[in-house]
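Throughout, read-outs are computed from the coordinates displayed, never taken from laboratory work. This is a predicted model, so every value here is computed, not measured. Don't worry about glycine lacking a Cβ; one is built from the backbone with ideal geometry, like all the others, and counts go over all protein chains shown.
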Protein chains: 2
Amino acid sequence: MSAPGLLTDFYELTMAAIYLERGLVAPATFELSVRSLPPNRGFLVACGLEQALDYLEDMAFDEDAIGWLASTGRFDDSFLRYLRRFRFSGDVRAVPEGETVFAREPILEVSAPLPEAQLVESMLLNLVAFQTNVATKAARIALACAGRPFADFSLRRAHGADAAVLAARAAFVGGAASTSDCEAARRWGIEPSGTMAHSFVMAFGDENRAFREYAGAAGDRAVLLVDTFDTARGVREAVRTARERLREGGRVLGIRIDSGDLARTACEARRVLDAEGLAELRILLSGDLDEYRIEELVSQGAPADGFGVGTQLGTGGDVPALQAVYKLVEDAGGPRLKLSLGKRTLPGRKQVLRREAGGILLEDILALYDEPAGEGRPLLAPAMLGGRRVSSGESLGVIRERCRMALERLPAEARALRDPRSPRVRLSKALAELDARLAAAAEAASAHSGDPPP
Amino acid sequence: MSAPGLLTDFYELTMAAIYLERGLVAPATFELSVRSLPPNRGFLVACGLEQALDYLEDMAFDEDAIGWLASTGRFDDSFLRYLRRFRFSGDVRAVPEGETVFAREPILEVSAPLPEAQLVESMLLNLVAFQTNVATKAARIALACAGRPFADFSLRRAHGADAAVLAARAAFVGGAASTSDCEAARRWGIEPSGTMAHSFVMAFGDENRAFREYAGAAGDRAVLLVDTFDTARGVREAVRTARERLREGGRVLGIRIDSGDLARTACEARRVLDAEGLAELRILLSGDLDEYRIEELVSQGAPADGFGVGTQLGTGGDVPALQAVYKLVEDAGGPRLKLSLGKRTLPGRKQVLRREAGGILLEDILALYDEPAGEGRPLLAPAMLGGRRVSSGESLGVIRERCRMALERLPAEARALRDPRSPRVRLSKALAELDARLAAAAEAASAHSGDPPP
């Protein structure tokens, strides 16, 4: 689509129209965060800021959009005129992509005239939560792989083309070494990877011919898929092909096993390859893998030199969506909070101060943005001012390296794949006091209006 | 992006290049199906054919794509020349969107020169599996709602903008009454829906003012969100606003509850509304809902007049991706099958014959495509011939109605949300015989080559 204006929930438009009509156009601040971490998550990897900024820069309503809005009969001409001229003019502060974040910490804060800040809610949640979720999954897979490379194979399982290309980006940030998705490889400069399909072996009728053809074409990168018919036989055919290649002065990189009992089959294959003098041939495993399964394979001593991960990586697997929220924390009336059951928010524009010692994250302090600088490294930095990007963006390599270092600094209990414990996130004195004061005032107001209506 | 050529796995290109070089360009048939239904799924709703056909029509490689492919150093000039001219020239047969399908039944079959059929694998899987998964989830939610309408609220949880717009389409096919996603509403002609956010109440400081403003703007469609601070108080404020509107000759449509114990809170709200003479006000429920939760609410007698469903609907929830496969079933050498462990495929181009009696689905017969017509209604129909669409596409309303009727015809045990039982899918005599013959031949070949290599 040309202009992404209609990529918003209908209620955002209804509310924005009322705000405009009532002159509620003073800047307000919304914070995008996660109330509690999903099951088995001890950290999140912030990701998707770049696409969020692209969206804010492009946000506009073209004539098709205006025409459709007019056709609903729900909006008056002055609001449609406003939308026709709409450009996002606000500020964004954000945690840099690749950095770790925890529950209640703002990943991103938007300060903009209230109608603008409201209209961009839906897509900011969508873009930041999706990539943050996949980058987190990828980081967990990287931890499980314990140094072995893994490839993103999720294109066919992703939710549309766009999701696949974004998932490959987030997977790379989290630690994937390569992607099978050519468009993602081109767009993000990621190494493309892939082996062969079972149908390739079937098309040639037998492994002997298929492997020779493939090795001839793929050269020294050739990875042979050995489980189309019978894996033991496939491994023997791979041995034969590898030897032929050696005689011709080339080599085969390895084999891939995609089905069956991966640990047992990989052990058997390793034994055969080693016995045949092919110790340098790598074994790649794939097939319904995720961080739990990879950790199990690694702990069983499966001789895997790398993994291909699809479905579980690109879709988030056990966490299909991050339940991020976008909450009003400050407006013309000052800092705001919300008390509703289980959905408590903390008031005010914030900063996260990260305290580290000896290369390990000790704790985060959730502070007010304009508190005098105290201890700890501030995580949120300006990303957009007055609707314009502050800088031209970071390379994915820089972001990926930031993630790698952030994972190294996590305490072991936060890195655990099951029942992890996040580092402590405490409130600064100023934030705690503000929160207590506003909560008391809100409780008092609530008690008052608890009287029967007149 | 302009041309979607690179939206494919790298190995598809490697394989296609080898096929071309070796002259393996005779038509081959691949079948897209699901080997076994995901947990708690008794049926699937076929969806995404329209986008699959769009993709096949658009599939091409632009100069950027060719340049990137050349830069990888893995492809020779003759293959790049082939890709530069690439257009999909094959045939597609498919189950119409909205129809129910079961395990092992082809949702779609592609017959095309082998390299073409191979190159389009990744995106066909992506597009058909995603929408089929969401349409299935929506159909399950529709069954749980037992006649009450539900709205798609998934935009903020979807995997990018594209995923949101496609999820809204699939949700509508499966039975959603409306969507909060304006772009989806515009593109697919779906009713837009939405209420207000908690931040709206906060921006006005109290419910009294926020509700009056909202009711004034939204008119008779106004649904008031009552749980920003305290739900009981919110309901009383909604009563006050509804009465004011009645005095002014208008009305309020209802209230929405988004947190807490929904069944209990809805009962309390219903009692208050009825006692206040506002029996016509509807109660809409939202907040982490899916078909299981809705079934529970309905069985508890929660007085809900409608539901809003987000995360679980747009992402597939408990089934984040459908593990569809795309398997070679026939090529120049005739029908093919694959025997590898747990990944058995059935050979040959197929037809699904559906037998129904008294408005209930009795069984499906999986037959060969060119078997003499027997009993049952054939499900697969030509959708594309020689790279061109057979027809200009169906309206979403027609597809949605097909789905509604197909759900009605399902036996109750297939519709069950937990531990369902699918209708029987049996093989026709001709398919069973072909399968047995090819399997025996493959086993014999496997036993033979099981001898130690020379």
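Some observations on this one:
- Peptide packing for B:218-225, A:359-366 was compared via the average number of neighbouring C-beta atoms within 10 Å per residue; ordered from the highest value, the list is B:218-225, A:359-366.
- Counting only Cα atoms, the size of segment B:139-315 along its three principal axes is 42, 34, 27 Å, in decreasing order.
- The share of Cα pairs per 20 Å bin across chain B, counted from zero up to the longest distance, runs 23, 46, 24, 7, 0 percent.
- Note: segment A:267-349, Cα convex hull, 150 Å³ per residue.
- Shielding of B:160-173 by partner chains, average beta-carbon count, 10 Å: 5
- Taking only the Cα atoms of the protein assembly as shown, the ratio Rg/Rh comes out at 0.99, with Rh defined as the Kirkwood radius.
- Shielding by partners - mean other protein chain Cβ count within 10 Å, residues of A:146-159: 5
- For chain A, the longest principal axis of the C-alpha atoms and the axis of helix A:161-174 are separated by about 80°.
- Summarising the amide proton neighbourhood of A:Leu224: residues at separation of 5 or more, or on other chains, whose placed amide H is nearer than 5 Å comprise A:Gly254, A:Ile255, A:Arg256.
- Its Cα gyration tensor gives segment A:53-98 an equivalent ellipsoid; the semi-axes, largest first and in whole Å, are 28, 11, 9.
- With Cα atoms, 0 to 90° folded angle of helix B:396-409 axis to chain B main axis: 90
- Estimated FRET transfer efficiency (A:Asp62, A:Ala441; beta-carbon r; R0 35 Å; 0.05): 0.20
- Sorting the segments B:49-58, A:251-260 by their mean number of nearby beta carbons within 10 angstrom, highest to lowest, gives A:251-260, B:49-58.
- Helices in chain B, meaning DSSP H runs of at least 4 residues, each add -39500 (n - 2.57). Divided by all residues, the mean residue ellipticity at 222 nm is -13000 deg cm²/dmol.
- Inter-copy separations for A:Pro411, label at 7 Å along Cα-Cβ, nm, ascending: 5.7
- Lysine pairs meeting the criterion (Cα under 24 Å, 8 or more apart or interchain), as found in the protein assembly as shown: 17
- Coordinate range along principal axes, alpha carbons of segment A:130-234, Å, largest first: 43, 29, 24
- Computed 3J(HN,Hα) for segment A:116-126, one whole-Hz value per residue from the Karplus formula 6.51 cos²θ - 1.76 cosθ + 1.60 where θ = phi - 60°, is 5, 4, 6, 5, 8, 3, 4, 6, 5, 4, 4, glycine and proline marked x.
- Relative contact order for segment B:139-315: 28 percent, from Cα pairs under 8 Å spaced at least 6 residues apart, divided by residue count.
- Annotation: amide H of B:Phe307 within the under-5 Å range of B:Phe150, B:Ala151, B:Leu285, sequence separation 5 or more or interchain, hydrogens built in the peptide plane.
- Mean shadow area of segment A:42-140 over all directions, Cα convex hull, nm²: 7.3
- Note that segment A:195-285, at 37 °C in a medium of 0.692 mPa s, gets a Stokes-Einstein diffusion coefficient of 260 µm²/s from its Kirkwood radius over C-alpha pairs.
- Inter-copy label distances at A:Ser299, using a point 7 Å along Cα-to-Cβ, come to 3.5 nm with the shortest given first.
- Ranked by how many other beta carbons lie within 10 Å on average, peptides A:263-272, A:127-136 from highest: A:127-136, A:263-272
- Note on B:314-326: average number of Cβ atoms from other chains within 10 Å of each residue's Cβ is 5.
- B:Asp288 label point (Cα plus 7 Å toward Cβ) to equivalent points in the other copies: 2.8 nm, shortest first.
- Chain A: angle of helix A:49-58 to the longest principal axis, Cα-based, in degrees nearest 10: 60
- Within the protein assembly as shown, antiparallel bridges make up roughly 65 percent of the DSSP beta bridges whose residues both belong there.
- Placed amide H near B:Ala28: partners under 5 Å, 5+ positions off or other chain: B:Ala112, B:Leu114
- Computed with the Debye formula from one identical point scatterer per Cα of segment A:216-357, without solvent, the log10 of I(q)/I(0) at q = 0.13, 0.15, 0.19 Å⁻¹ comes to -0.68, -0.80, -1.10.
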